[in-house]
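The values are calculated or read from the model by the stated rules, or taken from the named source; none is laboratory data. None of these values were measured; they are calculated from a predicted model. Neighbour counts run over all protein chains shown; Cβ positions are idealised from the backbone, glycine included. Note: areas computed on protein heavy atoms with side chains; ligands, DNA, RNA excluded. Shrake-Rupley method; radii C 1.70, N 1.55, O 1.52, S 1.80 Å.
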Amino acid sequence: LTDGKYDNIKLSRNFEISLENINSDVYNSASYGEATIDQMYLALRLSLVKVLSSDENVLPVILDDIFVHYDDKRKKSAYSVINNFSSDNSIQIIMTMCSKDALPEDFNIIKL
């Protein structure tokens with residue numbers, strides 16, 4: 001999601017997220033802008049679904065208008081991560097969006 005800018009994401013017991021950059025500097029989420037924080041929580045959601053799911057009980061992911069703070073580059077990266085995550089883990093991802101952004105052609109889109 002971050003183009004290799006950060007190597008590790010750390011999660012405290014109270015779900016506070018911190019990022020470790022390539023120089024091993026650790027910064028908590030209050031140090032970042034809205035879009036980077038949203039990227040952190042997207043990564044956390046996907047990680048938790050993978051940890052909590054089993055072969056017999058695969059949990060779906062529901063993402064409600066998560067790209068509000070993303071620029072075009074971040075959206076493109078997130079779409080790729082979401083698509084790969086869904087394919088690699090056989091997990092259904094449901095996204096709702098208020099914007100009329102163009103989604104990748106390989107997404108199954110249902111307009112309501």
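Looking only at segment 43-61, count how many residues are more than 16 Å from ASN8 (Cβ to Cβ) and touching a helix residue (DSSP H, G or I) at 6+ places or on another chain (Cβ under 9 Å).
So the count comes out to 7.
Just to be sure before I move on: is LEU1 free of Cβ contacts under 8 Å to residues at least 60 places away in the same chain, under 15 Å from the mean Cα position of the chain (by Cα) and under 24 Å from ILE94 (Cα atoms) in the structure I sent?
So LEU1 fails the test.
Are there any pairs, at least 6 apart or on different chains, whose C-beta atoms fall under 9 Å, with the first in segment 47-71 and farther than 19 Å from ASN84 by Cβ and the second of a type in the set (Asp, Glu) and open to solvent by 60 Å² or more (accessible area, probe 1.4 Å), and if so, which?
VAL68/GLU34; HIS69/GLU34
Of all strands (runs of 3 or more DSSP E) completely enclosed by segment 1-102, which ones contain at least 1 residues that are open to solvent by 60 Å² or more (accessible area, probe 1.4 Å)?
Hits in segment 1-102: 6-11, 26-28, 61-64, 93-96.
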